[in-house]
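Worksheet for the structure shown next.
No lab work stands behind these numbers, since they all come straight from the coordinates. Nothing here was measured: the structure is a model prediction, and the numbers come from that model. Using ideal geometry, Cβ is built from the backbone for each residue, glycine included, and neighbour counts are taken over all protein chains shown.
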Ligand SMILES: Nc1nc2c(ncn2[C@@H]2O[C@H](COP(=O)(O)OP(=O)(O)OP(=O)(O)O)[C@@H](O)[C@H]2O)c(=O)[nH]1
């Protein structure tokens, strides 16, 4: 018998990979992952251990002793899902049931992400249920011999990054697709960096191996340069050659996904408190707002109240990714929900509430937290403005620039002019000056270094523009040098410390003083001129004397908190001062930023 892979042996002996790794650890056999191979001698020892355990009535798979090569031996079913069944004989790390892995596919443009997803969808998704409408919902569930795998079907790392940018992590495993005829490209590197930053396990799929010019070995060698050493080269990176066109290797890829998921020991409590993440939201002309939610914990039911950001909704209807109507959905299920009134954004977290009242309370609390945060920000700004009024902070600011031009001559001319533009307060740092159109690499550099991309007589390609748009990096192109220089002037101005001036807002007459149990005395007032704003500066005059100067910490119209009140309206003004009296005049002003002179 030659060498055998750990997971193959585990499968043949009817035990799960965890159990197999435990035995190997006990024997002191070293391995990189479950796809590492072990020699015949160790295989025999393992079989013996399992046979002994079975004889002792231990919890090892009973099939192991008598049928070492029983590839069909199934462990006892303890749960409906195959993944859970595979775990049945292991010492449970937790009592929670396993959940299906959620997989995202990333990689360079045209390396075959969409084709791979399409192939898997075509071959692994059961025909839609009668009456269901198959449509793009942002994720789908694939059935495999090892159980369910959920794929996020918006390929590319932009979707991944958007979700991560909101603090959520949806994917458990990232597949990095690399075309065998193209090898590592800039976006491949980016995708790898994103997966690594998110600490999501990665599988490399070398795609397009059907092409005559395919060179999977080159891809593997190139990977080693990124410190990603494929298993066959002694490392621990799983690399699977596939073809999204012929389907070759796709089964192996699915198998590796299941193995990785098993090792990750993904579990969730279907009975626990619900939580989920928005995969995508959109408005359907007929149905209204539709949101795809990935259930991460707990179970969703039609009729549940959900809160996303500062909105809530009641689930009126739920469909699975196959278009079939469902009444409930457990962990790792992508579901499309009808019931929100506002379109939620991808990456927003979703929680459930016991009833409508509780949902409203969560929303009110969030709105109040947000207002507090905004107020705190405004106050910080106001404090900064006072410091500014007292004098400049004297900090030197740097404007980072990436310059692109048609010729070396124009680049030199531009740099010459820019050198004379620097001031004591603002330095210009040309991070890159290149000939030719800006590249995706420039956009990446600009996004990490907060640089501006300025082009002279060159324009970005559509692909680069797309990347720049997703990363919100403006690329500005000019045909006249002085227009470009004007832009630099604007950038320099924008980098000068802001200057603030006090500006009059409005005046109000205090008509009665209302005592509020929490906020103290509130001035029931009538705005006689201009307007009042929350957070405005307040000056209280009694007769001719200024008796108090402070801040408008709260504004109310009847019972509602409001941000502003216009002339001619009554309102409650809370100036955080208890001695306000009927007849006092309150004057409001605010600090506004003005153009530096
Ligand atoms: N021969 C061959 N062609 C493939 C394979 N996979 C994808 N292609 C082709 O490669 C091209 C790009 O494939 P896509 O699936 O659109 O690539 P993508 O990575 O999703 O591209 P973007 O969405 O633009 O980022 C298409 O013309 C596919 O038909 C494959 O395994 N073999």
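Cα convex hull, segment 537-597: 130 Å³ per residue, rounded to a whole number. Shown is the FRET efficiency for residue 408 and residue 264, computed with R0 = 60 Å from the Cβ-Cβ distance and rounded to the nearest 0.05: 0.70. With neighbour counts taken as other beta-carbon atoms within 10 Å, the residues 325, 121 rank, fewest first, as 325, 121.
Quick check: residue separation of residue 343 and residue 447 times 0.36 nm, minus the Cα distance between them. What number comes out in nm? Don't skip to the end; give the middle numbers.
Working: separation 104, 0.36 × 104 = 37.44 nm, distance 2.74 nm.
Between residue 343 and residue 447, full extension yields 34.7 nm more.
Using C-alpha pairs below 8 Å separated by at least 6 residues, the relative contact order for segment 196-332 is 16 percent.
Expressed as a fraction of 2.2 N^0.38 Å, the C-alpha radius of gyration for segment 269-345 is 0.98.
Compared with the direct C-alpha span, the chain from residue 122 to residue 143 gains 6.4 nm at full extension, assuming 0.36 nm per residue.
Percentage of Cα-Cα pair distances in segment 4-51 greater than 18 Å, rounded to whole percent? Write down the numbers at each step before the final one.
On the way: 102 of 1128 pairs.
The share of Cα pairs beyond 18 Å in segment 4-51 comes to 9 percent.
Please compute the length gained on full extension between residue 282 and residue 422, using 0.36 nm multiplied by the number of residues separating them and subtracting their Cα-Cα distance. Working shown, then result.
Working: separation 140, 0.36 × 140 = 50.40 nm, distance 4.69 nm.
Result for the pair: 45.7 nm of gain on full extension.
Annotation: for a label point projected 7 angstrom from Cα along Cα→Cβ of residue 357, residues of segment 274-317 with backbone N closer than 16 Å are 305.
Take the Cα of residue 369, go 7 Å toward its beta carbon, and none of the backbone nitrogen atoms of segment 287-303 fall under 18 Å from that spot.
Taken as Cα centroids, segment 185-202 and segment 103-125 sit 17 Å apart, rounded to the nearest whole angstrom. By other beta-carbon atoms within 10 Å, ranking 7, 119, 233 with the fewest at the front produces 233, 119, 7.
If you take the square roots of the eigenvalues of the alpha-carbon gyration tensor of segment 397-495 and sort them as a ≥ b ≥ c, do you get rounded (a/c under 1.5), prolate (a/b over b/c) or oblate?
Values: a/c = 1.88, a/b = 1.26, b/c = 1.49.
It is oblate, given that a/c is not under 1.5 and a/b is not larger than b/c.
Note on residue 211 and residue 433: with the Förster distance fixed at 35 Å, the Cβ-Cβ geometry gives a FRET efficiency of about 0.40.
Within a 10 angstrom radius of the beta carbon, how do 98, 194 rank from fewest other beta carbons to most? It would help to have the intermediate numbers written out before the result.
Details: 98 25, 194 21.
With the fewest neighbours first, 98, 194 line up as 194, 98.
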